[in-house]
Each structure stands twice: as C-alpha cells, then as structure tokens.
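The structure appears right after this line, and notes come after that.
The values are calculated or read from the model by the stated rules, or taken from the named source; none is laboratory data. Keep in mind the model is a prediction, meaning the values are calculated, not measured. Here the Cβ is made from the backbone with ideal geometry for all residues, glycine too, and neighbour counts use every protein chain on show. For the accessible areas, the whole protein counts, side chains as well, though only heavy atoms, and no ligand, DNA or RNA atoms are used. Shrake-Rupley method; radii C 1.70, N 1.55, O 1.52, S 1.80 Å.
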Amino acid sequence: MSTGSSAPRNSCAPRNRWALDVGLACFFVLLDTTVTLAGASWWPVHPDKLAWAMLVLQALADASLVFRRRAPMLVIAILTGFTLLISLLISPAGALTPAHAGNVWAPYGTVLAAYGPFYYRKDRRAAYAAVGMMTLIVARVWDPSVAVITTAVLRTAVGPLLALYFNARREVLQGLRDRAERAERERYLLAEQARAEERARLAGEMHDVVTHRVSLMVLQAGALSVTATDDTTRQAAEELRAAGVQALDELRELVAESTAVGTPAELVEQGNPALASPVVGRTAYRIVREALTNVRKHAPGAHVVVRISYDESQVRLSVRNTAVTAPPDSALAATGSGIGLASLRQRIELVHGTLRAAGTPDGGFCLEATMPSYVPTAEPAV
C-alpha cells in the first residue's frame, strides 16, 4: 500500500512547485508595479511612454522568477540587466527623472533572485560572482550614496543568507535520515544473523540429540538381544542393534566416500574404538566430516590422512591434507555458512576437549583435536 500512496505525492510535487513559483512571480510583479507607481522607486513625476514601457519591462523581468529553480543564473541576469538599464536611462542618459533620486531603483524581485543560485546550484563560486555583480549594480557604486549602498547590500544579502540556512538544514535532515536508514539496515542484518545462528545451533543440537538417542538404542538393543527369552524378540533386537551400530560406524564410510568423489583419503586407527564413549565418537565423526568437506571445497586434488588414536584416557584425532594441486571451484568454495570450524570448536569444548587448526610447512592444512575418552551422558530417570 505504501507504493501506491507514494506515487500520487511524487507526481503532484512538481505541479505544486510550479504553482508556487507562478504565485511568487505574480506577487513580485504586483509588488514592484505598486511600489514603483507609488513613487518608492524610479517612477518619474511626469511619466511618458518610455516610463510606461520600462514599467512593463520590469513586470516581465519579475515574471522570469517562474524559472528561478530551473535557471537561477538566467533570472539573476535578467533582473540585473533591467536594473542596469533603468540606472543608465536615469544617469548618464537623463531619459528618465525619478521623483526621488535617493531611492533604490532595483525591483524587489532581486531578493528572490539572489536566493536561487545558492540553493539550487552546487557551484558556489558562480553564485557569489553573480550576486556580487548584482549587488554592485543595485548599489550604483559609480554614483555612491551611503543610504542606497546600505539598502542595496541588505536587500541582496537576504536571499543568500536564507538559502545557506535552508541548505544547511536540508543537509542536517538528510544526514539524520541516512543515519536512521543505516541503523535500520544494521538492525535487520543483525536480526538475520541471529536467526541464521539460531538455525545452525538448532540443527546441530538436533543432530546431537538424534545421534545420542541412536547410541542409547544400540545399547538397549544389545542388552535386549542378550536377555530376551524368545528368538523373535532376540532377532528383532539384534537387527535394531546392527542398524544403530551402522549409524555410528559411518566414519570409515565417510572416508571411503571422500576417495570415491575425487578426494583421496586414508584412515589410520590405533587402539580400541570401544574405549570412546558415544558422544566422543559423534564429535570425532563431525570433525572428520567438516575437514573432508573443507578439503573438497578449498584444496581439490589434495591427499588426506585421517589419524585416530584411542586409549583409556584420551582420543586424539588429526586430519591433515597436502598442498593444493588444482585451483578451487569458486562457486563450490563460496557455499556453506562459514562457521563450521567455530561450531566444531564449541562442541569440542563441551566435551572438555581442544581443537587446533593451522597450515603445515608443505602448504597443506592440519586439524587436530584431543578429547577425553569417556564423557558421561546424563539421562533423566524413567
């Protein structure tokens, strides 16, 4: 709905500005005509055809204020030219004789004309030059008079001062709007980041919960296969246990799959894997999976060696790859969340382990983790 409601405002804005400019031009035409006929400007005691012609020309010069936005320098040139012409006709030409020689002969339209170059143009030097020239002509510096010069300077200074004030105000308001928009974008990005991190955390927790339940299923199925009295129950429990063991034994399959897709990988195991508790085994699997994925993305063609050592107190794991032999696929390298290693480090710390990731002297990369063999898992009483 906001798009539909903003379109009429945008289309009406130019018409409103044009109507305002026409109104202002008409106002100054009436003002200068009235002031001149009242004898407060250059109007002679006994006007002739030339005086009436100059009065019409003055009205046309004021009418040029309609274009003060589009061509402010042209408007200044027209009003300055008229002021110079009327001044020359009075002195030295003597074609006109004002009723009051001490008046300022320039139209009041010069006040609005002086405003335009400072507000609607970026070139301030040209604006200062144009308004300065107009001030000299309005002040009649070739026929100096303190009253005329003072009045002329005050009159031509009003427009630029107002323009500079409104320009500064506009820039301040625009800066505040830009700052508010940046803050809104930053809040949106932070919210998106928080949602992405929450989704990643929930996905990791779901993975851990499911794997943990599978571990319990395997243990319970194994116990059931031993204690069951009938063959049908024993066989079903054995099949359930075998399925669970297969789910927990995916580490070797993971390495084999990596070789099959073009990333040569070798698994070297030492010790008895049964010494590692299920949560440690799950963490080891996730470490190897993340490491092999990173090698495929960032080090195509590298050879990977996965070493796992089990003993009664610790499980030590390292994934080392050789140097890159081919340029990585930029599209493949750009995939992923970019928080894989950070997530692994958090999970290893949860089991009181440590993780180290660094480059190797031969140009490869090594990921090393050390975890306690036994990590108890608290289960609620049933």
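Worth pointing out:
- The portion of the accessible surface of the stretch 1-157 made up by carbon and sulfur, rounded to a whole percent, is 70 (1.4 Å probe; DNA, RNA and ligands excluded).
- Per-peptide average of other Cβ atoms within 10 Å, ordering 60-72, 178-190 highest first: 60-72, 178-190
- Looking at the stretch 62-130, the accessible area is 44 square angstrom per residue; that uses a 1.4 Å probe and ignores ligands, DNA and RNA.
- A simple packing score, the average count of other Cβ atoms within 10 Å per residue, orders the peptides 110-119, 292-301 as 110-119, 292-301, with the highest score first.
- Measuring r between the beta carbons of residue 145 and residue 181 and using R0 = 41 Å, the FRET efficiency lands at 0.15.
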